[in-house]
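Structure first, commentary second.
The values are calculated or read from the model by the stated rules, or taken from the named source; none is laboratory data. The shown structure was predicted, so the numbers you read here are calculated from the model rather than taken from an experiment. All Cβ positions, glycine included, derive from the backbone under ideal geometry; neighbour counts span all protein chains shown.
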Amino acid sequence: MDSRSLQTSSGSGSITRIDIPAALATALLALTGIVMALLNARAYGQDVFAIDSLFVRMVSWVAIGTIVYLVTIRTNWQWVRSFAWPLYAANILLLVVTLIYGVDSGGNARAIAIFGITIQSSEISKVIALIALAAVLTRIGHEHGGLGDVVIACAVIGPLFVLVAAQPDLGTALVLVCALFGTLLLSGVASRWIAGLATFGAAVVPIAWVFVVREYQKERLLAFIDPNADPAGPKYQLTRSIRAIAGGGLFGAGFDGTASQAPLPVQESDFVFAALVRAFGLVGGLLIIGLLALLVARLLLHAWNSTDAFGVILAGGMATIILFQAVVNIGMNLGVAPITGIPLPFVSYGGASVVSLAFGLGLVQSHRTHGGFGG
């Protein structure tokens with residue numbers, strides 16, 4: 001495979017070339033998200049079929065995500081690549097507007113209401129950043145793999161990182177950093193430059209701790225590393241989560257059994273995995289992990305067989321984002337990672353997350369159906 005060449009896609013794409021295992025895994029994860037929204041709505045005592053319930057809103061977002069997914073598949077990926085910078089500029093503008101006019105979302109001004117619909121704009125940044133990185137790292141007429149790629153990739157991520165961190169949304173900011181390193185590796189940048197960037201990042205951590213990280217974020221991180229942390233603070237969330245997972249057993253308490261139990265802290269998003277295992281046991285938890293693993297594997301397979309560098313970075317970058325989010329979210333539910341507010345892909349409640357991931361995965365499918373897959 002010549003990963004440096006960009007082939008021109010022809011035709012409107014063959015729907016028969018869709019990656020069925022990836023599409024099926026995505027659909028089942030989204031269906032799980034709907035089931036968990038129903039369970040969580042009942043746990044919170046909501047009228048399940050009320051217009052503002054978690055269940056109805058999640059069904060609506062999944063429906064929108066499905067439309068976005070299907071439309072994106074039918075759209076030639078080269079058109080999206082051509083509009084990478086207008087999309088990037090629009091995302092920057094949306095983040096600035098959110099920072100200024102954002103409404104409260106779990107204590108953070110990081111969501112904006114548009115026509116009555118609340119959108120967490122930082123979630124959109126993940127996929128837009130990936131598209132911009134893939135476009136700039138595969139541009140024609142420059143020598144790949146050098147320091148220049150590192151500098152320009154950092155220039156792409158830098159404004160997004162600052163605006164997202166200022167929301168404040170530390171979890172999404174970390175996903176952006178992960179996407180940066182993942183795309184640099186996939187684009188063939190020399191390891192010495194990536195190591196240098198990692199060293200620089202480690203050097204600025206103390207500065208970020210003092211001037212960037214908020215107090216509640218520090219409390220979460222300290223609760224993870226300090227066994228003597230205040231049990232009534234963030235440590236309480238970890239303790240409840242671990243107990244819920246341990247109490248789930250092999251098959252869990254069942255849908256009805258869980259609904260009668262006290263809800264976990266933020267069990268619709270941060271601790272959705274613990275709520276799922278409590279309801280459906282180890283079997284349910286392993287099923288979700290298996291679906292996520294299948295999706296990541298299919299994305300990596302697409303990257304391996306891609307006929308051009310853009311497809312390598314796009315599919316590999318999506319695999320990086322989904323894997324990172326899954327590992328961190330499940331890890332913080334198990335008490336082996338700090339609480340950072342990173343959602344479990346498609347399973348955690350969140351409209352912007354569902355739609356943005358659907359767009360990214362649909363774009364990978366578009367790349368496959370419009371001549372970008374050589375497998």
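Okay, here's what the table says:
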quantity: Out of V210, V164, sole residue that is of a type in the set (V, I, T) and at pLDDT below 75; calculated: V210
quantity: Contacts under 6 angstrom Cβ, first residue in the stretch 192-209 being farther than 16 Å from F161 by Cβ, partner modelled with pLDDT of 80 or more, 6 or more apart; calculated: W193/L147; W193/V150; I194/L184
quantity: Test: residue in the stretch 34-47 that is surrounded by 16 or more Cβ atoms within 10 Å (Cβ to Cβ), under 30 Å from G158 (Cα atoms) and free of Cβ contacts under 8 Å to residues at least 60 places away in the same chain; calculated: no
quantity: Given (1) farther than 20 Å from A309 by Cα; (2) crowded, with 18+ Cβ neighbours inside 10 Å; (3) of a type outside the set (D, E), index of the condition A179 fails; calculated: (1)
quantity: Number of positions in the stretch 309-348 that are in a loop (DSSP other than H, G, I, E, B) and either surrounded by 24 or more Cβ atoms within 10 Å (Cβ to Cβ) or modelled with pLDDT of 95 or more (or both); calculated: 8
quantity: Residues located in the stretch 170-198, provided they are over 18 Å from T340 (Cα atoms) and modelled with pLDDT under 90; calculated: S187, G188, V189, A190, S191, R192, W193, I194, A195, G196, L197, A198
quantity: Subset tally (residues that are more than 19 Å from the chain's Cα centre (by Cα) and assigned to a helix (DSSP H, G or I)) for the stretch 71-83; calculated: 9
quantity: From A23, A90, A84, A50, residue being out of contact with any His (no Cβ under 8 Å at 6 or more places or on another chain), closer than 30 Å to D256 by Cβ and at pLDDT 90 or above; calculated: A50
quantity: Matching residues in the stretch 241-292 - criterion: being among the aromatic types (F, W, Y) and either crowded, with 21+ Cβ neighbours inside 10 Å or on the phi > 0 side of the Ramachandran plot (or both); calculated: F271, F273, F280
